[in-house]
Structures are given as structure tokens and as C-alpha cells.
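Following this message is one structure expressed as C-alpha cells.
Just so it is clear, none of the values below were taken in a lab; they were calculated from the coordinates. Note that the structure is a prediction, hence the values are computed from the model and not measured. Here the Cβ positions follow ideal geometry from the backbone for every residue, glycine too, while neighbour counts run over all protein chains shown.
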């Protein structure tokens, strides 16, 4: 089993609007607990031995979170992306660069701090100990508002299309990855997009040209926590699946 998992949680959460103005969206509460609590609970249940959270925006609040929940999550630590990489560069590739000295000698899993993944799917990535890199894909009815994954034979990734008007694939990028150390062989080759972002998907696309990236389809749920209405969606999911005991919630 892969030992390390990295959580990307440095973003400003602009889609959460005013709710994320004074706190990271990952710490917005669902049933009285920060959303991050649910993600960490699932990661702990899978059995990861080291969880590294990359913070940036309002990073001190994550330190406060861990001071409260240190008994529940003793194997977790934070890495301040801004302190390591500065605040000038931004995008999903920068957290990956920030943890290079921690993870580059062994395989590791990456998840987004504003997504909730099932135990089944997290376990599938944790067990991906072969020589391939993996990107999580989810089949949806309407994929035009997402980055989509174009698959070839044997689930090899051909390319990633970023929110195109008429996508040819119904598989969206679910923001969960398994990387081998070779990911860092392409990271330094990435240049910013037109809007100045350094994208992790650009690095994955370079690896895909070497036939070293496969798509792993998620078999269970995937919940996004990016907009105000997602708070109720996550609450409804927990309630309808009777997960109160799983997360130690008081139902009264």
C-alpha cells in the first residue's frame, strides 16, 4: 500500500463567495464540523501512514484546525505553499512542487481538499503500486463544464481537454491522482497558461505522451465542495446514507 497522500488546500475558494472570505473553504462547516474533517476521516480509515496538507490562503487557520483535532488525526502535517514557493506563482502544479523534498523518492497519492472520495476509491489508489501514474476519472451525463479525460486502449490517457464546448469524452477529471517519482521529471518543463497558472494537468499530459498514465474510473461517490449550495448537498448525502455514526456526529 502507498504510504503517503498529499492534500491540495492552498486555494482561495472564490466559488464559495463570501463564505470563504475570512476562512478557507475546506474549513466551512457541515453538520458542525469542517468539511476537511470528513475527508481526513476517510483517508485515516483507508490507512495512509502520512498525510501532508499543502496550505496557502489563511494557512494559520489550518494550524488551528489541527490543534483542535490532533488526537483524531495524529499523522497529519501541513506545508505552507506560500512560504516555500512564494505567492507570485499559482495553480495546481505549485503544491506539487512544494512537497517535492518530502515525496519525490516514492509513490504518493494526491487528492483535492475540497472533494470527498469514497473509501473504496481511495483504497484503489492506495493499492496502485505498479509503475504507472493514475488519474481518477468519473463518468457523468454532461461533461461540458469539466476537464475531460480522453482514453485510449487499456485505459491509457491520451490527453486532457479543459472545459471544451463539445467534449468527446464523458469522463471528467475527479482530482485524485497517484504519482510515481517520474512526475518530477516533467514538472520543471511546464510553463504558465495564458492566465498565468501552472497546471498539474499539463505535467500529466506530458507523462501521457510517454504512455505512463492510466485512467482509473471511480466506482463510488465523488462530492465537490466548491459552491455555497454544496454545503446542503454534502449534508443531504451524509443524512441519506446514514453516515452520522461514521463521522461521530450527534444526530439529536
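Would you mind computing the Rg to Rh ratio of the stretch 1-65 from its alpha-carbon coordinates, Kirkwood style for Rh?
Here Rg/Rh amounts to 0.99.
I want to verify a result. In a Gaussian network model of the chain, Cα cutoff 10 Å, which of these has the top mean-square fluctuation: 169, 67, 205?
67
What residue among 36, 19, 93 has the largest mean-square fluctuation in a Gaussian network model of the chain, using Cα springs under 10 Å?
19
Report, for the stretch 4-240, the % of DSSP beta bridges that are antiparallel, rounded to 5.
Working: 21 of 43 bridges.
Roughly 50 percent of the beta bridges in the stretch 4-240 run antiparallel, per DSSP.
Along each of its three principal axes, how wide is the spread of alpha-carbon positions in the stretch 33-151, in whole angstrom units, largest first?
Ordered largest first, the stretch 33-151 gives principal extents of 41, 35, 32 Å.
Return the equivalent ellipsoid semi-axes of the chain as a descending list in whole Å, where each equals the square root of 5 times an eigenvalue of the C-alpha gyration tensor.
Values: eigenvalues 143, 88, 72 Å².
After scaling each eigenvalue by five and taking roots: 27, 21, 19 Å.
Relative to the present Cα-Cα distance, how much length would full extension add between residue 29 and residue 105 at 0.36 nm per residue of separation? Show your work: numbers first, answer last.
Details: separation 76, 0.36 × 76 = 27.36 nm, distance 3.57 nm.
Result: 23.8 nm gained on full extension.
Now, a different point. Which FRET efficiency, nearest 0.05, do residue 72 and residue 241 yield, Cβ-Cβ r, R0 30 Å?
Details: r = 21 Å, r/R0 = 0.69.
Calculated transfer efficiency: 0.90.
Of the peptides 25-33, 194-202, 234-242, 171-179, how do they stack up when ordered by the mean number of other Cβ atoms within 10 Å, highest first? Mind dumping the intermediate values first?
On the way: 25-33: 19.0, 194-202: 16.0, 234-242: 12.8, 171-179: 24.0.
Highest to lowest by the protection proxy: 171-179, 25-33, 194-202, 234-242.
Within the stretch 1-39, find all residues whose amide N lies under 17 Å from a label point positioned 7 Å from the Cα of residue 163 along Cα-to-beta-carbon.
Once the point is set 7 Å along Cα→Cβ of residue 163, 11-17 turn out to lie under 17 Å by backbone N, inside the stretch 1-39.
Taking 22 Å as R0, compute the FRET efficiency from the Cβ-Cβ separation of residue 229 and residue 87 and round it to 0.05.
On the way: r = 30 Å, r/R0 = 1.35.
With R0 = 22 Å, the Cβ-Cβ based efficiency is 0.15.
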